[in-house]
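J.: This structure is in structure tokens; I'll ask about it shortly.
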Amino acid sequence: PSSARGVLSLSRQKPHSLSVARGTRDTLGCSGELRSLTSSTMLQRHLATAQEGASEESDPARDAELMERAASIVTDDVKRELLENGYVVLRGLVSQELCDAARRDINRAIAANANNDVMKSDLCPVDDLQEANLKDMKVPSVQNLYSHSIIPFVLQLLVGPIVQGRVRKGGQVALRWPGEHCGPNYLVRPGWEEGWHIDGIGTPDKKTWGDVDQFTALVGVMLSETKQELSGELALYPGSHRVLSKYFEEEGGASFVSSRRVSSLHKTLTLCEPLCSSFAAFDLALSEGMAGLRRHINAHRPLGPPVHILGKPGDVVIANYIVGHRALPNRSPDIRYSVYFRVHSQAWREENGPQWAQRRRHRPPAMFDPWHDWQPLKDFMRGEEELCQATALSREEAEMKETS
């Protein structure tokens, strides 16, 4: 099913300044070789790759149409915003029909399990809507938000081939209840801006403790409208992907080394080449979890102010793994509904084989360079650099002619 609104717009939040002025690109009128990513040949290549992960019921003609639509969505400005902020918001990417179907089943699950346990964000039913883990909700309507929408085609143009392919077997249903993260009388506690996190850095009660459960991109689908701030919406920290990746690459002070996690850390990092020099940075994350990492960053490399992601059902957030984010307090009278999918680039399988998920969760090189696994974006950046160089050379030649 196609998008109900079918119109792309970037985040409704205040625009962020991009690293390269858009006006420069818009007035150059460049085409041809430096814009090869939008050529029909490249689209055909992306389509062929996408179809490798398609289901048996896949319709090649429909796939071609969706890939063409995805190319019209993934504009140069979208790529620049993603590179600058670490995330981008695409409006109306999932149809109202798919959103309604997922929300209907989620509400049925709440009604069927009206007890204290279900009133948490980590529990929810699957299949027959009875007793299930919310972080891997396998109700078809939840899966279809990804598998039956244009999302896989958009990701193909940003990340490249996805290990999970076109069909997902689950998604994290994230409900934020009225009063969640609030104090008495629904008041918001001070300092909430510092409560960000990145996914996959465990706590002692999680099975991932002592590892980093890393992935490539976080994809969030909004299922309910959020009109006002502090309604349980997602908050993202623009540019935090640069701050955090630089920290992991550079930080190595001995004051943060904890000997009790040295062996676990060494075992993880020796699987990567080159061997990580940021021993202390990873050790802090592995030994003290998100609390230790957040405490250090807030004290020494504070992130900028977060952006509140307001929107309507069907709006989609695509964020780099290492972007700081959090769910905000919900002072509204309504539940906030969202579903999250976490995707891995093909690089995970290429380095680890078919059992990539069991062999290793952690790839430090992709934390040092946030776009390490986003090949189409890397190609785009290279094209931008070539364009800048060509433009500078052209201006220099023009100036020389004027002075001669």
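None of the figures in this text is laboratory data; all of them are computed from the coordinates on show. It should be emphasised that the depicted structure is a prediction, and the values quoted were computed from it without experimental measurement. We place every Cβ from the backbone using ideal geometry, glycine too, and count neighbours over all the protein chains shown.
J.: Give me the one-decimal nm value for the distance between modelled label points at Glu194 and Asp76, 7 Å along each residue's Cα-to-Cβ direction.
T.: 4.2 nm
J.: Taking 0.36 nm per intervening residue step and subtracting the Cα-Cα distance, what contour gain separates Leu187 from Arg62 on full extension?
T.: 40.1 nm
J.: Also, I was wondering about something else. Summarise the long-distance tail of P(r) for region 279-384 by giving the % of C-alpha pairs beyond 15 Å.
T.: Here the tail beyond 15 Å accounts for 77 percent of pairs.
J.: What full-extension length gain, to one decimal in nm, is calculated for Arg301 and Glu351 as 0.36 nm per residue of separation minus the Cα-Cα distance?
T.: So the chain would gain 14.8 nm between Arg301 and Glu351.
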